[in-house]
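Data block below; observations after.
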Amino acid sequence: MRGRGGTAHYTGLVRCGSVWACPCCSYVICRKRAGELGQLLDRHTAIGGGDCMATLTVAHDLETPLKPLREHVARAWQFVVSGAPWKRMRDRYGIQFVRGAEQTIGPNGWHPHLHVLLVTRRPLSSDDMEQLRGWMFKRWAKAIARPHKETGLQFRAPLEHGGDGKPVGVVVGRMRRDEYITKLGLADELASPFTKEGRNGRRTPWQLLHDIWAANGSKKSDVDRWFEYITEMHGARQLTWSKGLRARYALPPEQTDLELAAQEEQGITVYSFSDATWDDLIAPNVGLRIRILQLAESYDPDEAADRITKLVDKAAGLQPVPF
């Protein structure tokens with residue numbers, strides 16, 4: 001079915017609602033959250049507001065588990081946006097934010113980092129963004145250098161600049177809307193991450209899952225990392241909105257992952273499957289399921305149904321109809 005907002009979803013199914021561990025539920029959840037983010041940016045731009053993205057990273061070691069790393073990053077961000085120093089900076093530029101957390105895995109282990117969309121009272125100049133970056137870095141580095149509360153792990157303070165003089169620990173810059181959506185983990189990437197190479201040998205969790213599938217689960221280290229990831233991320237929020245931001249732009253109250261995944265929108269039925277077709281062909285093939293959703297969103301219902309029919313026939317090994 002294609003809802004009135006243009007997002008396609010399957011109806012008549014039980015859903016798990018996991019944005020972290022289920023590619024199919026994640027697809028629907030991310031599409032709906034991306035729509036909300038688009039509305040925020042449209043309405044904010046219409047009143048003359050500005051926007052930019054802050055990316056905050058932390059140094060990490062190969063054997064450091066994901067749990068303390070993720071906790072430390074979250075607490076460090078809370079330190080950045082708390083107290084009188086933050087209130088002064090917030091009021092100076094009229095800052096509100098949407099924070100997304102990303103976890104990648106690479107040669108040096110887990111790499112949690114934050115992407116934060118900052119909406120400001122007015123568009124910031126380059127000098128404004130540099131002052132904001134410098135201020136955020138000092139707060140961020142101070143928080144990261146503190147020992148982890150429960151374990152006592154000591155994390156290295158991030159570098160402010162790399163060898164080329166460019167910012168490293170905290171980067172602030174203006175981006176296109178599609179870049180904001182991608183950075184916050186809401187892009188339509190689920191059908192294609194398996195063809196992408198991670199930067200510097202890093203993999204997204206979906207790339208990790210694909211590699212496990214491709215190796216038929218034979219690489220124990222990858223399997224262990226995947227289960228660590230889905231165990232630790234269970235119940236975690238994908239996005240955090242600053243207080244009052246959704247209400248200010250007349251966005252509906254925030255819904256849970258399961259509510260978004262299970263939401264039965266009114267819309268148009270694009271294609272219906274028999275039980276046997278679903279059980280034998282569609283359910284076992286995650287890539288096919290996502291491709292069908294993309295077709296349902298990309299074409300008018302009649303053409304989408306025709307393309308889905310051809311796709312399903314091909315998956316069943318049937319010869320294409322010559323007309």
Item to check | FRET efficiency for Q294 and R248, using Cβ-Cβ distance with R0 set to 22 Å, rounded to 0.05 | outcome: 0.10
Checklist entry - Across the stretch 9-251, how large is the tail of the calculated P(r) beyond 24 Å, expressed as a percent of all Cα pairs? => result 49
Checklist outcome for this item: The answer for the chain, counting only DSSP H helices whose Cα atoms cover 15 angstrom or more along the axis and whose Kyte-Doolittle average is 0.5 or greater, is 286-298
Checklist outcome for this item: With the stretch 1-87 reduced to its Cα atoms and the Debye formula applied, log10 I(q)/I(0) at q = 0.25 1/Å amounts to -1.17
Checklist entry - Calculated from DSSP H runs of 4 or more alone, at -39500 (n - 2.57) each and per residue, what is the 222 nm mean residue ellipticity of the chain, nearest 500? => result -13500 deg cm²/dmol
Item to check | Sequence-distant lysines (8 or more away, or on other chains) whose Cα lies within less than 28 Å of K314 | outcome: K196
Checklist entry - Order of I47, I144, I268 from fewest to most other C-beta atoms within 10 Å? => result I47, I268, I144
Item to check | Cα→Cβ-extended label distance, 7 Å offset, between A316 and T277, nm | outcome: 0.6
Checklist entry - Quick one: Y27, Y249, Y299, fewest Cβ neighbours within 10 Å first, how do they rank? => result Y299, Y249, Y27
Next on the checklist: Over 30 Å between Cα atoms: which of K67/K138; K138/K219; K220/K310; K142/K166; K67/K243; K32/K243 fall into that group?
Outcome noted: K138/K219; K220/K310
Next on the checklist: Based on alpha-carbon centroids, what's the gap between the stretch 1-37 and the stretch 261-304 in Å, whole number please?
Outcome noted: 12
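Values in this text are rule-based calculations from the coordinates and carry no lab data. All of these numbers come straight from a predicted model, not from anything done at the bench. No Cβ is skipped: glycine too gets one built from the backbone with ideal geometry, and neighbour counts run over all protein chains shown.
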